[in-house]
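Below: the structure, in C-alpha cells.
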Amino acid sequence: MKHLNYRHLHYFWVVTKSGGVAKAGERLHVTPQSISTQMRQLEQAVGEPLWRRAGRKLELTETGHLVMDYADRMFSVGEQLKDALADRHRGSGGTVFRVGVTGSVVKVVAVRLLEPALQVEPRPRLLCREGRFAELLSLLAVHDLDLVLSDRPLPATMNVRGFNHLLVEGGVSFLAAPALAKPLLGGFPHSLTGAPLLLPGGDSALRPRLDRWFDEVRVRPSVVADFDDTAVMKAFGQAGAGVFPMPSFVAAETELQFKVRTVGRTDDVVHQVFAISGERRLKHPAVLAISEAARARQSALRAAAEP
C-alpha cells in the first residue's frame with residue numbers, strides 16, 4: 001500500500017458520516033469535485049475500491065468498511081478532544097463529569113444519586129449516557145466515562161479494571177394504576193397470582209431476584225411484558241397495563257408523579273445500585289459528593305426502618 005494521506009482519510013470519514021460528497025463539501029467548505037479527487041487518490045493509495053454502486057446509491061465495500069472502522073476510531077477521538085477543550089473554555093471550572101447509567105436503573109433513583117454532583121463548586125457539566133451494562137463498562141475502561149451507575153456490581157470475571165461502591169440498598173414495592181391496584185390490596189403478595197405484571201428485562205439484576213421470590217412465596221403472576229428501560233415500564237404501568245416493581249425508597253414519589261398506588265412491598269427482594277469507578281479510592285469531587293450523600297441517605301433509611 002502507498003503512503004496514506006490523512007487528509008484524504010479525513011475526507012473519506014466525513015463523506016461517509018455525512019451521507020454523500022455534496023453534504024461533506026458543505027461541512028468541509030470545499031467543492032464536491034475536490035473531494036471526489038481526494039477520494040480517488042485514497043483508493044489508489046489503498047489499492048482497492050472503497051465504494052460500490054447499489055442502484056442510485058453508493059455503499060461501502062468490505063475494504064471500505066474496514067477503512068471506515070479505523071478512521072472512525074481515529075477522528076472520533078479528535079472530535080471528543082475538541083469538545084473537551086471547548087468545555088474547558090466554557091464555564092468557570094470547565095470540568096466535565098461523564099456518567100453512564102444502565103437502563104435497569106430507575107430514572108428517579110439516578111436523579112437522586114447524581115444531584116449532589118451538581119452542587120460541587122466549581123459546578124461540573126454533567127454528561128449522562130444511557131446504555132447496556134457491558135457497553136458502559138467498555139467506555140469506563142477506556143476512560144470515556146468517570147462513573148457507571150448500575151443495579152449490579154462489576155463481576156470479578158469481567159476483564160475490566162473497576163471498583164464497586166454500593167450506593168443504595170433496600171426493599172421493593174409493587175405499584176399499579178388505581179383501578180388495577182384496588183382489588184389487589186388485600187392479601188399481598190398472593191393477590192398478585194394471575195395479575196398482569198410488568199418486569200425489568202434480562203439486563204436487570206433485580207429480575208432473577210423477583211423470579212426467585214415469586215417461587216418462594218408460591219405466587220404466579222401473569223407476566224405480560226419485559227422492559228430494558230424502567231422509564232418505559234413505568235409509562236405502561238401508569239396506563240394500566242400491569243403491576244410493576246420499584247425501589248421502596250422512591251415508591252411514594254412514584255405514586256405522586258405517575259398517579260399510581262402501592263399494592264404491597266417486601267424487604268425479601270433486595271434492590272441495589274452501585275457506582276462503578278476506575279479508581280479504588282474515590283478522588284473525583286463529583287464522585288465523592290455522590291458517595292457521601294448516598295452513605296448519609298442509606299444511614300437515614302436504616303434508622304427509619306428500625307423499630
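Below, the figures for the structure above:
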item: Net charge contributed by nearby residues that have their C-beta within less than 11 Å of residue 223 (K/R +1, D/E -1); result: 0
item: Segment residue 300-residue 30, extension gain: residue separation times 0.36 nm, minus the distance between their alpha carbons; result: 91.0 nm
item: For 224, 243, 219, order by how many other beta-carbon atoms lie within 10 Å, fewest first; result: 224, 219, 243
item: Amide hydrogen neighbours beyond the local backbone of residue 197, cut-off 5 Å, H modeled; result: 222, 223, 224, 225, 243
item: Cα-Cα pairs of the chain separated by more than 32 Å (percent); result: 47 percent
item: DSSP-defined beta bridges in the chain - what % are antiparallel, rounded to 5; result: 60 percent
item: Trypsin sites (Lys or Arg not before Pro) restricted to the range 115-222 and DSSP loop, no more than 10 other C-beta within 10 Å; result: 218
item: Count of Lys pairs (Cα-Cα under 29 Å; at least 8 positions apart or interchain) in the chain; result: 15
item: Under-5 Å amide H pairs with residue 228, H placed in peptide plane, nonlocal only; result: 201
item: Approximate spin-label separation residue 161-residue 66, in nm, with each point projected 7 Å along Cα-to-Cβ; result: 3.2 nm
item: Relative contact order (%) - criterion: Cα under 8 Å, at least six apart; region: the chain; result: 20 percent
item: Net charge of Cβ neighbours under 15 Å - reference residue 188; Lys, Arg +1; Asp, Glu -1; result: +2
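FYI, it's all coordinate maths here, none of it is from the lab. In this text the structure is predicted, and so the values were computed from the model without any measurement. Don't worry about glycine lacking a Cβ; one is built from the backbone with ideal geometry, like all the others, and counts go over all protein chains shown.
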